[in-house]
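Read through the structure below, which is laid out as structure tokens, and then see the notes.
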Ligand code: CP
């Protein structure tokens, strides 16, 4: 599917967030506003009563047409912490499985006065399609579409980096693995460059690199040992077999031999480098358990920060409606 430039439909006439479909077209000021808003929400999770009344009376519907653990649950928690009413449609048990079209499902949810759709779909462009066809008052948040974009994942990753490193400008960040099939990598590269890091590196075998990768504003490495030298942040990615057509790798074992992150290989990065992964992790394929559970891993913090980022994005999109209290 060809995805049109989405920056125009993501923002309202005043430049405020209406939908959150992609990082593409959003400026540094808006990304920083998302991070700052998330910072203000981060403390809510520490309270005895983990709720604020901001979206009381609003209805948020999770539409997950593809599997998810972290994204679906943290969106649900985030909506509940903002006091919204949350519907999580079980797609396999919904009338979609009886042949109802996506648009008919949307119209029915609109008839229930939903205010926001959070959408995950295996097709690139699905969230954009829904944003185009939803009623004008409805906000659509992309929770991952095909290999295209996963903007809230990228923002929780930026939040994690800012919490650990402060200023983005001196940082060298390496993204390692299956770049070609990764919506997370695409969104991270856009966010890191918009926030002004010194260098973004992508590391992986040629078969898992997008064509013309250099045009993304990155340095390309095929050797993990070379690419990881002196970086501040190492982001590991899963091999996305479900999106691969044909054999792009000899075997997982050989991939691990060349690209698996071990304590030894991590020695090439800066001594205070952090290790990230969006999850789910395949231990012994993209990284050792010693690294995943080690002192430099911030992988579970990424999950926790996902709640604050998703609260921020939902609150900002609803503020536009004048509905947030
Ligand atoms: N990172 C991520 O999107 O994980 P889930 O597929 O579990 O939501």
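The values are calculated or read from the model by the stated rules, or taken from the named source; none is laboratory data. Computed from a predicted structure; not experimentally measured. We place every Cβ from the backbone using ideal geometry, glycine too, and count neighbours over all the protein chains shown.
Summed over region 79-94, the residues that are outside any loop (DSSP other than H, G, I, E, B) and either within 15 Å of the ligand (Cβ to nearest atom) or touching a residue at least 12 places away in the same chain (Cβ under 8 Å) (or both) give a count of 9.
Of all the numbered requirements in (1) assigned to a loop (DSSP other than H, G, I, E, B); (2) in contact with a helix residue (DSSP H, G or I) (Cβ under 9 Å, 6 or more places away or on another chain); (3) at pLDDT 90 or above, residue 75 misses one, and that requirement is (1). Restricting attention to region 275-292, the residues that are farther than 18 Å from residue 222 by Cα and crowded, with 22+ Cβ neighbours inside 10 Å total 4. When restricted to residues that are on the phi > 0 side of the Ramachandran plot and either in contact with a strand residue (DSSP E or B) (Cβ under 8 Å, 6 or more places away or on another chain) or at pLDDT 95 or above (or both), region 96-152 contains 4.
Residue count for region 130-149, restricted to those that are in contact with a helix residue (DSSP H, G or I) (Cβ under 8 Å, 6 or more places away or on another chain) and away from the ligand (no atom under 16 Å from the Cβ): 9.
Selection of region 271-293 for residues being in contact (Cβ under 8 Å) with a residue 60 or more places away in the chain and either farther than 15 Å from residue 178 by Cα or touching a strand residue (DSSP E or B) at 6+ places or on another chain (Cβ under 9 Å) (or both) yields 274, 276, 278, 286.
Is one or more of the residues making up region 233-250 surrounded by fewer than 16 Cβ atoms within 10 Å (Cβ to Cβ) and farther than 26 Å from residue 122 by Cβ? The answer is yes; a qualifying residue exists.
Of everything in region 56-78 that is within 17 Å of the chain's Cα centre (by Cα) and crowded, with 22+ Cβ neighbours inside 10 Å, the residue that is nearest to the ligand (Cβ to nearest atom) is 71. Exactly one residue among 21, 26, 30 is buried (at least 16 other Cβ atoms within 10 Å of the Cβ), within 16 Å of the ligand (Cβ to nearest atom) and either under 20 Å from the mean Cα position of the chain (by Cα) or modelled with pLDDT under 95 (or both), and that residue is 21. For region 210-237, which positions are modelled with pLDDT of 95 or more and part of a loop (DSSP other than H, G, I, E, B)? Those that are modelled with pLDDT of 95 or more and part of a loop (DSSP other than H, G, I, E, B): 217, 218, 222, 223, 228, 229, 230, 231, 232, 237. Summed over region 293-312, the residues that are over 18 Å from residue 233 (Cα atoms) and either away from the ligand (no atom under 15 Å from the Cβ) or surrounded by fewer than 23 Cβ atoms within 10 Å (Cβ to Cβ) (or both) give a count of 4. Taking region 186-205 as the range and being over 11 Å from the mean Cα position of the chain (by Cα) and in contact (Cβ under 8 Å) with a residue 60 or more places away in the chain as the test, the residues that pass are 190, 194, 195, 196. Residues that are within 14 Å of the ligand (Cβ to nearest atom), touching a residue at least 12 places away in the same chain (Cβ under 8 Å), assigned by TED's automatic domain parsing to the domain that holds residue 159 and within 26 Å of residue 147 (Cβ to Cβ) are absent from region 246-263 altogether. Within region 153-180, if we keep just the residues that are more than 16 Å from the ligand (Cβ to nearest atom) and out of contact with any strand residue (DSSP E or B) (no Cβ under 8 Å at 6 or more places or on another chain), the residue that is farthest from residue 296 (Cα to Cα) turns out to be 180.
Output yes when any residue across region 273-280 is outside the structural domain of residue 66 (by TED's automatic domain parsing), in contact with a helix residue (DSSP H, G or I) (Cβ under 8 Å, 6 or more places away or on another chain), away from the ligand (no atom under 16 Å from the Cβ) and under 21 Å from residue 161 (Cα atoms), and no when none is. Taking every residue of region 273-280 in turn, at least one turns out to be outside the structural domain of residue 66 (by TED's automatic domain parsing), in contact with a helix residue (DSSP H, G or I) (Cβ under 8 Å, 6 or more places away or on another chain), away from the ligand (no atom under 16 Å from the Cβ) and under 21 Å from residue 161 (Cα atoms).
Total residues in region 162-185 satisfying the condition of being free of Cβ contacts under 8 Å to residues at least 40 places away in the same chain and at positive phi: the figure is 1.
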